[in-house]
Amino acid sequence: MTRWVVAVFAAGLGAAFLATPLAARFGRAFGFMDAPQGRKIHAHPIPRSGGLALVLAFLAAAAVTLAPGVPIQGRLFQQGQLWSVLGGGLFIFLVGLVDDRRPLPAKLKLLAQVAAASICFFGGVKIESFTLAGLVSVDFEFLSYLLTVFWFVLFINAINLIDGLDGLAAGVAFFVCAVQAVLATMRAEALPAMYFAALAGASLGFLRYNFNPASIFLGDGGSYFLGYMVAALSILSSAKSQVGATILMPILAFGVPLLDTLTSPLRRFVRGKKIFEPDREHVHHNLLARGWSQRKTVVFLYAVTVFLALMAMLIVNLRDVPAGLFILLLGGALILFVRKAGYFSFFAMDKIFGWIRDISDEAGVSHGRRTFLNLQIEISESQDVAGMWENVTEALAKLGFDLGEMVLEPGEGGLERFGLVSQVPGREVAALTWQRPDLDRDRREYLLDRALLKIELPLLDRDNQAIGTIWLVKRLDQDPRSDFTLRRVEQLRRTVVATLERLGGRT
């Protein structure tokens, strides 16, 4: 079987090598051109019809299985599952090809991807269970459709996303498909092995013209087709005894684009951008922004892909518990490496985590918010201004402030309505002060420190009439402001105003 897998690979390689120049001519003749604009980094119009060459080369290579003497002669096109794979692949290719000529709405393209995935699902190519080397075994049942569609959409968009640099998508696909072909051959799975070999050969042949400086681009048609076929064949090649490990292989090998694909919509949402709007904040764009050349960036991502693909090959040769433990250990090591390398910054994970913290705080879920809410309740239930101020100072200590002062000058109604006496002759003014107990510096000397955060909070009633002011001071060099300090201060101000209005007879 091995020699036929090699023959299919060679056929795909040769067919792509011959078909790509013809596809470029087709692109120029019929207007499938990618003009330099916006987030594009090429300098002149380039044909984006490379997907046509890729599909033709793949079909030509697959036709080799019809030759006399092939162990699976004819059966490649006699199984319903494989017809659904081919049908769905050609459908999504045509959608991408149309988009290459005249851009389609993002939602329509997503709907087309779901439809293509559904073709495979109802043709029998679906994720029904997950078994990880005896450690985990799950039957998805009614979730099978959703997981299968998500799987296809994820891979389609992952390949499309990295198709932003010359040779990146085709090169990464080549390495992954080559490894998958080898693994399928080792498992004596002839059909997936030949399919992966055909994809690998077609990708490598196309790469001859697509590597920097590229003379033709893959286009959405090509990237959609590649992602779709990788997703479908990965399901077909899942060994029954080790479904989990086999399914995890393409996830591991495509680790960079898959992670980027998953985080990009969330990153855009957090930043207030349209979820499906392309940007220049992907991994390869960030590497370019660091001053790397296109070639250096592409070769680096090739190396990452090869490393992860080799790890996938190692996983498939492990059995039972060792395989599962190896996957878990490798996953943990990768997370540590990614964190130490600062890789999360490429995905703006700090912004995403910050947004999640904001959401949990706003919803009152976080411990800090619930604790401060309890202080607000105690302030609002105070029976007089002195008791209120005592509760306020407890909140100030919780927030790390050093000094606090509240001056009440209520105007109409005077201080009497608060049960207070003026401390300034001829004026209705009362002041309450607080100082952190362990602050051992002279107050005047302390206030001259240049590392102080000073906040002045006007206390305005519901008619926007001033009834007083609160001043707060803290040192930032010794006790930095937390993410929620200013939010807590505003929450405190509103609680104080509401309490003063209640104590003053305005409920």
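Of the residues making up segment 465-507, those that are hydrophobic (A, V, I, L, M, F, W, C) and under 16 Å from L403 (Cβ atoms) number 7. Could you please find all residues in segment 444-487 being aliphatic (A, V, I, L, M) and under 30 Å from E412 (Cα atoms)? If the condition is that a residue be aliphatic (A, V, I, L, M) and under 30 Å from E412 (Cα atoms), then I455, L457, L459, L460, A466, I467, I470, L472, V473 are the ones that fit. Within segment 406-437, being outside any loop (DSSP other than H, G, I, E, B) and of a type in the set (K, R) holds for R417, R427.
Scanning segment 385-414 for residues that are within 14 Å of V489 (Cα to Cα) and β-branched (V, I, T) yields V392, T393.
One line per residue, one yes/no per condition, for (1) in contact with a helix residue (DSSP H, G or I) (Cβ under 9 Å, 6 or more places away or on another chain); (2) closer than 30 Å to G504 by Cα; (3) without any contact (Cβ under 8 Å) to a residue 40 or more places away in the chain:
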{"position": "D440", "(1), (2), (3)": "no, no, yes"}
{"position": "Y446", "(1), (2), (3)": "no, no, no"}
{"position": "D449", "(1), (2), (3)": "no, no, yes"}
{"position": "L452", "(1), (2), (3)": "yes, no, yes"}
{"position": "N464", "(1), (2), (3)": "no, yes, yes"}
{"position": "T469", "(1), (2), (3)": "no, yes, no"}
{"position": "L472", "(1), (2), (3)": "yes, yes, no"}
{"position": "D477", "(1), (2), (3)": "no, no, yes"}
{"position": "D483", "(1), (2), (3)": "yes, no, no"}
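Is it true that some residue in segment 461-472 is closer than 18 Å to E394 by Cβ and at pLDDT below 85? So far as segment 461-472 goes, no, none of its residues is closer than 18 Å to E394 by Cβ and at pLDDT below 85. State all residues of segment 364-384 that are β-branched (V, I, T), under 17 Å from R494 (Cβ atoms) and either touching a residue at least 40 places away in the same chain (Cβ under 8 Å) or not in a helix (DSSP H, G or I) (or both); if no residue qualifies, say none. Residue satisfying the conditions is I379 alone. Between R436, R462, the distinction of being loosely packed, with under 15 Cβ neighbours inside 10 Å and among the basic types (K, R) belongs to R462 only. Being farther than 28 Å from F206 by Cα, in the same structural domain as M229 (by TED's automatic domain parsing), at pLDDT below 90 and crowded, with 19+ Cβ neighbours inside 10 Å is a description that does not apply to L82. Restricting to segment 142-157, what's the tally of residues that are touching a Phe, Trp or Tyr at 6+ places or on another chain (Cβ under 9 Å) and within 24 Å of L314 (Cα to Cα)? Within segment 142-157, residues that are touching a Phe, Trp or Tyr at 6+ places or on another chain (Cβ under 9 Å) and within 24 Å of L314 (Cα to Cα) number 1. Looking across segment 384-427, the residues that are more than 20 Å from E456 (Cβ to Cβ) and either outside the structural domain of D463 (by TED's automatic domain parsing) or crowded, with 17+ Cβ neighbours inside 10 Å (or both) come down to N391, L415, F418, L420.
A quick yes/no check of all residues on (1) in contact with a helix residue (DSSP H, G or I) (Cβ under 9 Å, 6 or more places away or on another chain); (2) at pLDDT 70 or above; (3) within 16 Å of N160 (Cα to Cα); (4) not assigned by TED's automatic domain parsing to the domain that holds M194:
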residue	(1), (2), (3), (4)
S238	yes, no, no, no
L287	yes, yes, no, no
W292	yes, yes, no, no
F300	yes, yes, no, no
A309	yes, yes, no, no
L328	no, no, no, no
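Is it the case that some residue within segment 68-76 is at pLDDT 90 or above and either assigned to a helix (DSSP H, G or I) or in the same structural domain as M186 (by TED's automatic domain parsing) (or both)? Taking every residue of segment 68-76 in turn, none turns out to be at pLDDT 90 or above and either assigned to a helix (DSSP H, G or I) or in the same structural domain as M186 (by TED's automatic domain parsing) (or both). Filtering segment 46-62 for residues that are in a helix (DSSP H, G or I), surrounded by 16 or more Cβ atoms within 10 Å (Cβ to Cβ) and modelled with pLDDT under 90 leaves a non-empty set.
The values are calculated or read from the model by the stated rules, or taken from the named source; none is laboratory data. Computed from a prediction, not measured in an experiment: that's the story for all the values here. All Cβ positions, even for glycine, are placed from backbone atoms using ideal geometry, and neighbour counts span all protein chains on display.
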